[in-house]
Amino acid sequence: MAALIAENFRFLSLFFKSKDVMIFNGLVALGTVGSEELFSVFAFNCPCSPARNYIYGLAAIGVPALALFLIGVIWNNHTWNVVAECHKRGTKNFSTAATFLLFGSIMGRAAVAPVTWSVISLLRGEAYICALSEFVRPSSLDKFPVEYGAEVLARFPCKDVPANLTKYRDDVTRRLRYESQLFGWLLIGIVAVLVFLTKCLKHCCSPLSYRQEAYWGQYRSNEDKLFRRTAEVHSRILAANNVKQFFGFVALDKEEKELVQEFPVEGVQPSPQWNAITGVYIYRENKGFPLYSRLHKWAKGVEGNGPSPEGHEMLFLAS
């Protein structure tokens, strides 16, 4: 029984490691759903005033979506790799397809949260009803009193209407909620189709076999974890050496003393080395052998970033 449980945990661990991007996007979506629910409960308050409803309703949907999109762009490592690439090398080494693939990856990941926010807002319908209630044509309502106009219609989301207009308020609310939810379901369908087509296109255009692509993903994940862990230890030991040189001693705990003794740090890496392993990387091969990252290429002593007779650019972006 214990062996079976251990095997199941091992399987789940491998599954989550192989699906880290999908799980991250799922967590982002769930967090966005929770945030939207809290916003609707505690912050959303339709002004119920002509010319203000429309602006407020669109702002309630669009402004948080825009903010979430920008946060997604900022949090994406590819964004800063592009900045470093443009600053150090320019984009002359990348073809049109590679550039499109790069920006598509950045925009696609950044769009998860804003699309989720927009979908949930549309399915709830409150912001949509607030924005468009005043634009409902009175003539489309059966026997709507002619003495009432846009000002009364704008108050429908707040239920602050005369008693004789209650049934019209319910009719307008039902109609607008139907439109809002329809747009929400259409948006879900469009996004699902786009994701499916993108996945198909990616795998059809990939120069790698399924197993090699999975290996490449595992390599990138392991390289990133080991690099971050090693950089943290290296920086701590370097800081300890500098503090010791200044004061004559350094106060270290037991674990830090073991690190200093086990991993002597003589100096720091020169800037050209940091520049060589920083930036956008597109899968390449050199003399038939794969180069899985900039660090891998630097370790193999391969020079240059663009295609050459011995180094073939495969136009496949590290995701």
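Bear in mind that the values in this text are calculations on the coordinates, not laboratory data. In this text, all values refer to a predicted model and were calculated from it rather than measured experimentally. Here the Cβ positions follow ideal geometry from the backbone for every residue, glycine too, while neighbour counts run over all protein chains shown.
Here are some notes:
- Relative to one another, the C-alpha centroids of the stretch 180-203 and the stretch 236-300 are positioned 43 Å apart.
- Dipole of the stretch 37-205 [Lys/Arg +1, Asp/Glu -1 at C-beta], most positive-end residue of Phe156, Ile188, Val136: Ile188
- Gain in span if fully extended, Glu255 to Arg52, counting 0.36 nm per residue against the direct Cα distance: 66.9 nm
- Förster-model FRET efficiency, 41 Å R0, Ala214 and Trp274, C-beta, rounded to 0.05: 0.90
- Simple Cβ-charge dipole of the stretch 37-205, Lys/Arg +1 and Asp/Glu -1, about Cα centre, in debye nearest 20: 580
- Each 10 Å bin, from zero up to the one with the longest distance, holds this percent of the alpha carbon pairs of the stretch 210-300: 14, 36, 25, 18, 7, 1.
- Tail beyond 30 Å, pair distance distribution of the stretch 37-205 (Cα, percent): 38
- Difference of contour (0.36 nm per residue) and Cα-Cα distance, Asn77 to Leu226: 52.0 nm
- Exceeding the 28 Å Cα-Cα cut-off - candidates Lys225/Lys297; Lys199/Lys300; Lys225/Lys254; Lys257/Lys297; Lys254/Lys300; Lys244/Lys297: Lys199/Lys300; Lys257/Lys297; Lys254/Lys300; Lys244/Lys297
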